[in-house]
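Some notes on the structure that comes next.
The values are calculated or read from the model by the stated rules, or taken from the named source; none is laboratory data. Keep in mind it's a predicted model, so treat the numbers as computed, not measured. As a convention, Cβ positions derive from the backbone with ideal geometry for all residues, glycine included, and neighbour counts pool all protein chains shown. All accessible areas refer to the heavy atoms of the entire protein, side chains included, with ligands and DNA or RNA removed. Shrake-Rupley method; radii C 1.70, N 1.55, O 1.52, S 1.80 Å.
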Amino acid sequence: MDEKKSLELMALLDGAEELGRREAVEAWLKSEPDAAALRDELTWVSQALRSHEPVAKVPETREFYWSQIQRRIQAEAAQAAPAKPTRRLSDWLSWLVPIAGVAAVTMLFTVHPWQPGSRTSGLNEASATTYTSETDGVTIHWID
Amino acid sequence: MPSSLNNDYPSSPDEALVGWAQKGDTEAFEELVHRHRDKIYARAMMMMRNEDEALDLSQEAWVKAWQRLHQFQGDSSFATWMTRIVINLCLDQIRRQKKMRAESIEQIEEEAGGVERQMPVEHVNPIEGLEKEELRKRIDEAMGKLTEAHRTVLVLHEFQGMEYKEIARKVGISIGTVMSRLFYARRRMASLLQGLKRERKT
């Protein structure tokens with residue numbers, strides 16, 4: 001049987017006009033009895049399939065089937081959720097820079113308190129006194 | 001997840017259920033699942049021919065549907081939209097398993113030379129006078145005897161209503177291959193159904 005014309009015949013039966021030469025196929029159908037039989041065969045197979053699609057039932061109860069779907073929905077939602085609060089580096093930097101600034105100023109004032117009218121370094125003028133009590137076993141260092 | 005307590009789910013049409021589900025109503029969505037679960041499972045079963053895979057993929061389809069429900073615009077029926085989702089998942093699964101490649105002598109023969117040309121045309125319609133349920137069973141049995149590549153194209157065209165072009169795009173083959181596979185699948189189905197008729201008679 002002519003393979004090309006067979007495929008063209010099928011295309012025409014399926015409504016794909018652009019894939020089949022209608023006149024050539026019609027002439028073939030008239031001249032070859034097997035071609036007409038092929039047309040009938042392709043037609044009844046297609047009709048049988050379309051109108052008798054096999055059915056199948058879910059082999060689980062309504063409640064169990066749904067509970068599995070619900071669990072999967074919740075699991076996927078939970079997986080997607082932690083991604084949201086993740087901050088970019090720039091977000092962190094926007095907080096970090098002012099905090100670091102405040103911390104630096106605080107440290108400066110703690111280690112070296114600002115004294116109006118005095119520009120000398122406290123370290124140069126520092127003096128220390130040590131008191132030791134033998135009886136109490138204590139030594140105290142006093143730094144000015 | 002909210003639900004609308006006053007909604008009468010079982011008697012509501014799909015459109016109403018979809019609308020409620022789109023607002024986050026899980027009970028409305030559960031009703032949709034209940035209504036269409038057999039059809040979605042049957043379509044997956046037809047593609048995969050494996051109960052566990054079909055069950056898993058049908059559930060995955062419902063999960064995807066819930067996540068993409070906001071995309072459903074109502075251009076087609078909800079059932080059609082759902083079958084498209086499950087078909088896509090089945091095709092992905094088949095691709096992953098690389099089952100679309102030549103997998104049997106039968107397919108290799110078909111691609112090498114066209115066995116369909118050697119098959120005699122069935123002059124007698126073997127399904128005439130059959131009960132609907134009996135015919136469904138025979139079609140299912142015959143579909144199970146097709147190779148996956150042929151069955152896929154047949155399901156997409158006959159049950160899913162896809163055109164050659166669309167099938168070619170979805171499966172990743174040429175239109176010529178779609179036609180060749182579809183032609184062979186139909187001819188083989190005719191032959192298998194005729195064979196089943198003979199088997200039942202003896």
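Observations on the structure shown:
- Extreme residue, farthest from A:Glu3 (Cα to Cα), among residues of segment A:15-73 that are among the acidic types (Asp, Glu) and either open to solvent by less than 30 Å² (accessible area, probe 1.4 Å) or within 7 Å of chain B (Cβ to nearest Cβ) (or both): A:Glu53
Residues checked against (1) among the basic types (Lys, Arg); (2) at pLDDT below 95:
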{"site": "B:Gly19", "(1), (2)": "no, no"}
{"site": "B:Arg37", "(1), (2)": "yes, no"}
{"site": "B:Met46", "(1), (2)": "no, no"}
{"site": "B:Leu55", "(1), (2)": "no, no"}
{"site": "B:Ala61", "(1), (2)": "no, no"}
{"site": "B:Thr83", "(1), (2)": "no, no"}
{"site": "B:Val86", "(1), (2)": "no, no"}
{"site": "B:Ile105", "(1), (2)": "no, yes"}
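- Condition broken by A:Ala77, with the remaining ones in (1) facing chain B (nearest Cβ under 10 Å); (2) modelled with pLDDT under 95; (3) farther than 30 Å from B:Glu27 by Cβ satisfied: (3)
- Among the residues of segment B:20-54, those identified as of a type outside the set (D, E, K, R), within 7 Å of another protein chain (Cβ to nearest Cβ) and under 14 Å from the mean Cα position of the chain (by Cα) are B:Tyr41, B:Ala42, B:Met45, B:Met46.
- Selection from segment B:144-177 of residues that are open to solvent by 60 Å² or more (accessible area, probe 1.4 Å) and in a loop (DSSP other than H, G, I, E, B): B:Lys145, B:Glu163, B:Gly172, B:Ser174
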